[in-house]
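For reference, the structure discussed in these notes is given below.
The values are calculated or read from the model by the stated rules, or taken from the named source; none is laboratory data. Bear in mind the structure is a predicted one, so any value in this text is a computation, not a measurement. Here Cβ is always computed from backbone atoms with ideal geometry, including for glycine, and neighbour counts include all displayed protein chains. Surface accessibility is based on the protein's heavy atoms, side chains included, excluding ligands, DNA and RNA. Shrake-Rupley method; radii C 1.70, N 1.55, O 1.52, S 1.80 Å.
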Amino acid sequence: EFKIPILIISGNFIFFLLFLNYENSSGTDSLGWYRKPYLNDIVQFGIRNEAVIKIAAMYKSLKINYLNLALSLNIISSIIFLFYYLKVKNFYFFKNSLVFLIFFMMINSGILFWSNSLLKENFVYFGLILFLISINDKNINPYIFITSIIILFIFRPVIGFMILISCFIFFNIKLIFNKEYIKLINLTIVSIIPLSLVIFFIFQEYNFEFS
């Protein structure tokens with residue numbers, strides 16, 4: 001029962017050691033974010049890179065050195081991957097533990113490597129896992145769903161935007177197939193202003209321009 005979780009944690013720690021060796025020889029953005037000064041009077045609420053710099057500043061304010069910071073992120077990423085396993089372990093394809101382990105170690109090798117560092121990928125993957133946990137066959141847990149969207153919008157706004165649009169399209173199609181047209185109209189009316197604000201935010205954040 002505990003074989004896969006132990007292997008996930010062990011495998012993730014191996015990637016952590018590989019990352020430290022790579023960082024020691026080549027350097028990474030993670031170490032750069034840790035060394036970069038954070039100016040509270042300039043950036044009050046961090047988005048994307050500023051969010052990572054703010055997290056680094058929090059660690060530094062607690063007198064936590066970079067190695068301990070990286071180790072804490074390794075622990076966090078291991079917890080994230082365990083949540084991922086709990087979500088997908090009952091899928092038919094993953095009922096064979098060996099198949100799951102091969103999939104996890106090979107397909108997710110890039111995520112395993114970069115999630116052991118102070119980079120946006122670690123937090124983005126956490127947001128995506130929370131999103132998967134928030135949904136099931138019958139409903140959506142709104143609290144976990146909103147938390148996941150907030151995390152994604154902080155670190156990778158475009159991914160949070162894509163999930164919101166996908167959910168909006170999915171529920172619209174579902175209501176059309178169920179012939180629940182009143183609910184469809186209500187959903188459209190309720191969503192139009194928030195989605196418009198989100199679209200405006202995405203355009204502004206990524207400097208989209210129309211000529």
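Quick check on region 36-58: of everything there that is at pLDDT 75 or above and of a type in the set (Lys, Arg), which residue is surrounded by the most Cβ atoms within 10 Å (Cβ to Cβ)? The qualifying residue surrounded by the most Cβ atoms within 10 Å (Cβ to Cβ) is Lys54. With respect to the conditions (1) open to solvent by less than 90 Å² (accessible area, probe 1.4 Å); (2) part of a loop (DSSP other than H, G, I, E, B); (3) at pLDDT below 80, Glu1 lacks only one, and its number is (1). Determine, yes or no, whether Phe83 is over 19 Å from the mean Cα position of the chain (by Cα), surrounded by fewer than 20 Cβ atoms within 10 Å (Cβ to Cβ) and modelled with pLDDT of 65 or more. Here the answer is no, as Phe83 does not meet what is asked. In the set (1) at pLDDT 80 or above; (2) open to solvent by less than 70 Å² (accessible area, probe 1.4 Å), the condition left unmet by Ser61 is number (2). Scanning region 1-28 for residues that are of a type in the set (A, V, I, L, M) and closer than 20 Å to Val52 by Cβ turns up just one, Leu20. When each of Leu101, Leu73 is tested for being of a type in the set (A, V, I, L, M), closer than 23 Å to Leu17 by Cβ and modelled with pLDDT under 80, the lone residue that passes is Leu101. Applying a threshold of 8 Å to beta carbon distances and a minimum spacing of six or more residues, or different chains, the list of pairs starting in region 172-194 at a residue that is more than 19 Å from Asn139 (Cα to Cα) and touching a residue at least 60 places away in the same chain (Cβ under 8 Å) and ending at one that is open to solvent by 90 Å² or more (accessible area, probe 1.4 Å) and not in a helix (DSSP H, G or I) is empty.
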